[in-house]
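Have a look at the structure below, then the notes.
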Amino acid sequence: MRACRQCLSRRRGPRGLAAAARARRRRQPSRLSSACAAAALLLAGLSLAGCLGAPPGVGGTAAADVPPGYDPGADPLLNPPQLFAPFPHQEPERADLDGTLLRHAVDTPTSLNPMFLTTGADSLLSELLFDGLVYQNPSVEAVPNPVTVEEMRFSEDRRTTRIRLRDGLRWHDGRPWTAHDVRFSWQVAIDPRVPIAYWRGFAEQIADIEVIDHRTLVVTHQRPTPIATEHLRFPIIPRHVWDHPQERAKDPTLRASAYHNHWAREQVVGSGPYRLVRWVPGDRLIVERWEDYPGERARFARQIFKIQPDRNTALLLFKKRQLDEVWLTVQQFAVLTGDRGFRQVGVKAWAPRRMIGYISWNVSGSNPFFSDRRVRRAMAHAYDLERMLRVVTHNVYLPSTGPFEPGHWSHDPSIAPIPYDLEEAARLLEEAGWRLDPDDGWRYREVGGRRVRFDFEVLLYQTYDDAIRMLDIYRDALRRIGVSFQTRKMENAALVERLRKREFQALAGVGAGYADPDIWRDSFHSSAWPSGQNYTGFADERVDDLFDRARDELDFERRAALYREVQAALYDQQPYLFLWTYATTWGFAQDLRGVTLSPVGVSRFRPGPRAWWRERAAS
């Protein structure tokens, strides 16, 4: 992993990637031994299927599903140095500052009130329309925002933070941006009547925010903390728009009434370098440069976000120069971008990413399947990690053994992946009471006086293309041990609503981490059920205690040791089946510049897309 992390440097280009690829090849078996292993697994799978009485007609691994190896270091389009060229401040005439940036939004925003951030499009828009007290830098550390903060001082006991705002801050409508807006935004973020999942975990770590004057405030944290700036990541929204007494009385959620929808979708008042011009639902959003922005001037006159959930259609639009950047699937990245059409218009960017793919199991007891740890361990033994990385991700992604990605200071590299072992999976299911019916080959168990077949549903986001092939392979493995599932692909906003209501059995999803692993507390701590992002209902006293102690621990090494224990406990309990660690796989127009590759991708940090610029065409 050391070689791969070196590739995070934005100027290493293909030479560094080639070293990473060679390092991966040294760790992987030869292609011949991989083929032999696949053949052995096929024979074992067929033999096991016969012994267990699995449904007839279930095939094994076909040679055709093993793609040719993709070597990032041999890709001439990957990470060209010009893509990362900084803005030419000494020669600004080189940049086209009056142009339009055509961007790809995989999903539709749910709201442009940043409090209700749920989809990727919500995040892309909020980082252009709003400014807060802190932001994430390219290393994904929360740091004070120099556009809004003149001074941020932490007390010696790490219990309070004193903040002095810059003078003259304004909202897009010209009204003052003050400390009162900050306190109001915090109150909204912790209000149980407002259905906020993402930001509440940050804001609840603050005991109080005292407004000294319109530019000065004192933040009191619940306890001494090493991550005070993380607590301040909640968005700042305009009090004069959202603190309307009559409208709040009618709609305390701030998102259901006509009034609140108007300000969240039609007349958005923000404070960032761009202002909303138009939102055409299901089609596009247009933002234009705000010339009164107190920070660095935006480098495009406007940005147009084209909503296109079909990734193949998005790639076609990119090749037609109707998009300047596109999020590529791994198949597109490794196989479908070597044609002349792509080479004429684009280049590619790749780096390891702080993001995991997973299947989360609803362990709350609302379904008869996943409350038992033995069942979840069986599901992990039925997941063929090596084959998934090779077949599904073309070796572009990396293994995962928990929420903390390889190379991060909280990751424990000694934790080995649970081996693919259908015999052990079958044994654990038998032990948990799921017996094979010799007549039809499926597993059943008595639940509440009725005979229940082990047949469940996996929800997945409409845009989660990587999951389709993975689920097909996984379904085949589970069939061999008498377990079946169906998939339901849903529009992103509708699926999020199902999660909020906890109406699911299993979810194929993606989770993004940040510089501090405390972010995962809201996914696995029992206090985040049912109001937070612990959608699965997972509760474990030891995991709770470790997260709590890590949140209070000021010594770095001791914190790291606690999180390594968290990783081990979660991987043992398997509330999530950890599928893989992602990599950034992006396509950019050949004339785009100023890109930075971060552990969270190409956006959701600063400067991120705010630093992109276009090279002016030669006259």
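The values are calculated or read from the model by the stated rules, or taken from the named source; none is laboratory data. On a predicted model such as this, the values are computed, not experimentally measured, just so you know. Glycine also receives a Cβ, built like all others from the backbone with ideal geometry; neighbour counts cover every protein chain displayed. To get the accessible areas, we keep the full protein, side chains included, count just its heavy atoms, and leave off ligands, DNA and RNA. Shrake-Rupley method; radii C 1.70, N 1.55, O 1.52, S 1.80 Å.
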Considering only segment 359-380, I want to know if a residue exists there that is crowded, with 19+ Cβ neighbours inside 10 Å and at pLDDT below 95.
no
When you check ARG278 against the structure, is it assigned to a loop (DSSP other than H, G, I, E, B), basic (Lys, Arg) and open to solvent by 10 Å² or more (accessible area, probe 1.4 Å), yes or no?
no
For the list (1) open to solvent by less than 50 Å² (accessible area, probe 1.4 Å); (2) in a loop (DSSP other than H, G, I, E, B); (3) closer than 19 Å to ASP292 by Cα; (4) touching a strand residue (DSSP E or B) at 6+ places or on another chain (Cβ under 9 Å), I need the number of the one condition that VAL140 fails.
(3)
Checking TYR198 against (1) open to solvent by less than 30 Å² (accessible area, probe 1.4 Å); (2) modelled with pLDDT under 95; (3) among the aromatic types (Phe, Trp, Tyr), which single condition isn't satisfied?
(1)
Matching option when the condition is surrounded by 18 or more Cβ atoms within 10 Å (Cβ to Cβ) and closer than 22 Å to GLU288 by Cβ, among PRO72, PRO92, PRO114
PRO114
Could you tell me how many of the residues in segment 479-497 are under 20 Å from the mean Cα position of the chain (by Cα) and either among the polar types (S, T, N, Q) or open to solvent by less than 50 Å² (accessible area, probe 1.4 Å) (or both)?
6
When residues of segment 217-241 are limited to those that are assigned to a strand (DSSP E or B) and open to solvent by 10 Å² or more (accessible area, probe 1.4 Å), the one nearest to GLU150 (Cα to Cα)
VAL218
Across segment 117-131, which residue is farthest from ARG103 (Cα to Cα) among those that are of a type in the set (A, V, I, L, M) and open to solvent by less than 10 Å² (accessible area, probe 1.4 Å)?
LEU129
Considering only segment 301-308, I want to know if a residue exists there that is touching a Pro at 6+ places or on another chain (Cβ under 8 Å), of a type in the set (A, V, I, L, M), crowded, with 17+ Cβ neighbours inside 10 Å and modelled with pLDDT of 95 or more.
no
Given the conditions (1) open to solvent by 20 Å² or more (accessible area, probe 1.4 Å); (2) among the aliphatic types (A, V, I, L, M); (3) closer than 30 Å to LEU317 by Cβ, report the number of the one that VAL287 does not fulfil.
(1)
Which of (1) open to solvent by 30 Å² or more (accessible area, probe 1.4 Å); (2) among the hydroxyl-bearing types (Ser, Thr, Tyr); (3) outside any loop (DSSP other than H, G, I, E, B); (4) touching a residue at least 40 places away in the same chain (Cβ under 8 Å) is the odd one out, the single condition THR253 does not satisfy?
(3)
Count - residues of segment 527-551 that are open to solvent by less than 40 Å² (accessible area, probe 1.4 Å) and assigned to a helix (DSSP H, G or I):
7
LEU133 within 18 Å of LEU592 (Cα to Cα) and hydrophobic (A, V, I, L, M, F, W, C):
no
When only residues in segment 552-568 that are touching a residue at least 40 places away in the same chain (Cβ under 8 Å) and surrounded by fewer than 16 Cβ atoms within 10 Å (Cβ to Cβ) count, which is farthest from the chain's Cα centre (by Cα)?
LEU554
Looking at TYR461, is it closer than 25 Å to ARG502 by Cβ and of a type outside the set (S, T, N, Q)?
yes
With the condition kept exactly as written, say whether any residue in segment 418-428 is closer than 21 Å to ALA508 by Cα and open to solvent by less than 10 Å² (accessible area, probe 1.4 Å).
yes
Looking at GLN573 and the list (1) open to solvent by 10 Å² or more (accessible area, probe 1.4 Å); (2) without any contact (Cβ under 8 Å) to a residue 24 or more places away in the chain, which single condition is not satisfied?
(2)
Run THR313 past the list (1) exposed (fewer than 14 other Cβ atoms within 10 Å of the Cβ); (2) closer than 22 Å to TYR461 by Cβ; (3) modelled with pLDDT under 95 and report the number of the one that doesn't hold.
(3)
Qualifying positions in segment 348-384 - in a loop (DSSP other than H, G, I, E, B) and touching a Ser or Thr at 6+ places or on another chain (Cβ under 9 Å)
ASN362, VAL363, SER364, GLY365, PHE370, SER371, ASP384
Okay, helices (runs of 4 or more DSSP H) sitting entirely in segment 405-504 with 3 or more residues that are of a type in the set (Asp, Glu), I get 422-431, 466-479
Complete set of residues in segment 150-164 that are surrounded by 16 or more Cβ atoms within 10 Å (Cβ to Cβ) and more than 31 Å from the chain's Cα centre (by Cα):
ARG164
Of the residues that sit in segment 505-514 and are within 20 Å of the chain's Cα centre (by Cα) and not in a strand (DSSP E or B), which one is nearest to ASP437 (Cα to Cα)?
GLY513
Sort out which residues of segment 339-355 are open to solvent by less than 60 Å² (accessible area, probe 1.4 Å), in contact (Cβ under 8 Å) with a residue 60 or more places away in the chain and under 22 Å from ALA74 (Cβ atoms), and write them in order of number.
PHE342, VAL345, GLY346, VAL347, LYS348, ALA349, TRP350, ALA351, PRO352, ARG353
So the check is Cβ under 8 Å with 6+ separation or different chains; which pairs have a first residue in segment 327-338 that's within 22 Å of PHE305 (Cβ to Cβ) and part of a helix (DSSP H, G or I) and a second one that's open to solvent by 70 Å² or more (accessible area, probe 1.4 Å) and not β-branched (Val, Ile, Thr)?
GLN332/ASN312
What tally of residues in segment 180-199 results from selecting those that are in contact with a helix residue (DSSP H, G or I) (Cβ under 6 Å, 6 or more places away or on another chain) and charged (D, E, K, R)?
1
Pick from segment 75-86 the residues that are open to solvent by 30 Å² or more (accessible area, probe 1.4 Å) and in a loop (DSSP other than H, G, I, E, B): which of them is modelled with the lowest pLDDT?
PRO76
